[in-house]
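Bear in mind these aren't lab numbers, they're just calculated from the coordinates by the rules spelled out. The structure presented is a predicted model; accordingly, all values stated were derived computationally and were not measured. Backbone-built Cβ (ideal geometry, glycine too); neighbour counts: all protein chains shown.
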Amino acid sequence: MKPINPTVTWPNHTALITGVNASKHEVMANGLITFPSDGTAPKVEPWVDKDKLVHAKTLYEAAAEKGLSVGQVDWVAIYGAKGVQWKFGEKPNVDDVIPQELIAQGTVTREEIEQFGEKSSSAWRDQIWTDAAVDIIEKHAPDLLLVHLLQTDSIQHQYAPLSPAAYTAYAYADRCLERIIDAVRSIGALDRTTFIVASDHGFATYTHTIRPNIALVNLGLLQKQGDRYTGSVWVKEEGGAASIYIRDVKRRAELVPKLKTYFESLPGVSHAYTNEEAQAIGLPSEKVSDQAPQLYLTAASDYAFGDGTNGPLTQSGAPRGQHGYLNNMPEVQALFVASGAAIKPGVQLGAISNLRVAPTIAKILRVQLPAAKEAPLNEILR
Ligand SMILES: [Zn+2]
């Protein structure tokens, strides 16, 4: 399954449930990219409300409008969203119903939920998220449940794809999925439930890191102020891609061609897209969104972009994994498996776009997503 650009987690999760790409939903990173007024490095803020971050209608909103019940476990770009009744978030709220149920049954303690992301392994968090999904199914049986497991991503970043660790992580994810299917079976709902298993993106191995902000320091575009750098040009890196934001609008005409030529000459950079060129690969227009970069860099094979303003421009190291590369790269292709009540068994789909997933689920749920223009996967539906 072909992901959208950028081949990053939140943009693709959002594509899977809206049926539109980043040019419409405007999610460019794992959160909202914000630009401090003092000129220091941009930040990615994950815990902002869905309405501020996602500029498209989602499946859970369309389902809730029709009176269907919705649950979510570790789904992303969903904070403060209307229409989700049962939730155990990536950053769970200890006072929500589902965390309270898990505490009451002794699955997890209040302290563990309050420090959820800080003092735990990704394997443990996947286990608790699976416990939450099982609880939501067994106690509340929602019409639509969105579940996101994270450990395969963490492990492949750390140890690279196709490594023994990556295969172990996939076996573990299979076990979590099995527990969710068992929960559906235990409430007698297996014959009326459809399972869609999708990944947001694939992974490529790299051994070289390039830090574009160090190039901006070398070019004099970032200046040292005490122990930090400030400037009106910053790069926000996302592994296989990096977005350049030129915050001083008056300097864009001068800097865009200059920086395009400069970065395209650097080893490790395969291409620098202007905003107009980036719109052709599905990124938003700078006229509509401040999330749209003025230049979009893609990494060459075996390279990934790194953060930071100190140290050498390029470094090599042990093999690790990244995504964010252009969505036509074979390694970043995703997977799609569908099974259950609404699905014809045995159909081999071949390559599909992930923009067809949301229209397919919308058709199964009989809800409308007017902005999603791709056809549902009618060939797999009964
Ligand atoms: Zn990742």
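Can you pull the semi-axes for segment 308-356, root of five times each eigenvalue of the Cα gyration tensor, sorted largest first, whole Å? Please report the intermediate quantities before stating the final value.
Values: eigenvalues 296, 25, 21 Å².
For segment 308-356, the semi-axes come out at 38, 11, 10 Å.
Among TYR167, TYR273, sorting on how many other beta-carbon atoms sit within 10 Å of each Cβ, with the fewest leading, yields TYR167, TYR273. The distance from the alpha carbon centre of segment 56-87 to that of segment 1-34 is 17 Å, rounded to a whole number. The distance linking segment 345-382 with segment 265-286 is 29 Å (Cα centroid to Cα centroid, whole angstrom).
If you take the beta carbon distance between TRP124 and LYS250 as r and set R0 to 51 Å, what does 1/(1 + (r/R0)^6) give as a FRET efficiency, to the nearest 0.05? The calculated FRET efficiency here is 0.55. Over segment 96-142, the hull volume per residue, using the convex hull of the C-alpha atoms, is 71 Å³.
A Förster radius of 30 Å combined with the Cβ-Cβ distance from ASP182 to SER270 puts the calculated FRET efficiency at roughly 0.10. Taking the number of Cβ atoms within 10 Å of each Cβ as an exposure proxy, the fewest-first ranking of VAL249, VAL337, VAL184, VAL217 is VAL249, VAL337, VAL217, VAL184.
Roughly what percent of Cα-Cα pairs across the chain reach past 40 Å?
On the way: 11577 of 72771 pairs.
More than 40 Å apart: 16 percent of the Cα pairs in the chain.
Computed over every Cα-Cα pair of segment 124-173 and binned at 5 Å starting from 0, the pair-distance distribution P(r) comes out as 5, 20, 24, 17, 14, 10, 7, 3 percent.
Remark: ASP153, ASP95 ranked as ASP95, ASP153, counting other beta-carbon atoms within 10 Å and listing the fewest first. If R0 is 41 Å, the Cβ-Cβ spacing of THR107 and LEU381 corresponds to a FRET efficiency of close to 0.70. Taken along its principal axes, the alpha carbon cloud of segment 205-322 reaches lengths of 40, 39, 22 Å, longest axis first. The loop-placed trypsin sites (Lys or Arg not before Pro) in segment 103-212, going by DSSP, that have at most 15 neighbouring Cβ atoms within 10 Å of their Cβ come out as LYS119. In units of the rule-of-thumb radius 2.2 N^0.38 Å, segment 273-362 shows an alpha carbon radius of gyration of 1.50. Each principal axis of the Cα atoms in segment 165-230 has its own extent, and those three values, largest first, are 65, 25, 19 angstrom.
Other residues whose C-beta falls under 14 angstrom from the C-beta of ALA334 contribute a net charge of -1, scoring Lys and Arg +1 and Asp and Glu -1. Size check on segment 1-125: the Cα extents along the three principal axes, sorted descending, read 44, 43, 30 Å.
So the label point goes 7 Å from the Cα of VAL97 along Cα→C-beta, right? Which residues of segment 29-68 then have their backbone N under 15 Å from it? Output list for this probe position: 64, 67-68. Grouping the Cα pair distances of segment 113-202 into 5 Å bins from zero gives a pair-distance distribution of 3, 13, 23, 22, 18, 13, 7, 3 percent in increasing distance order.
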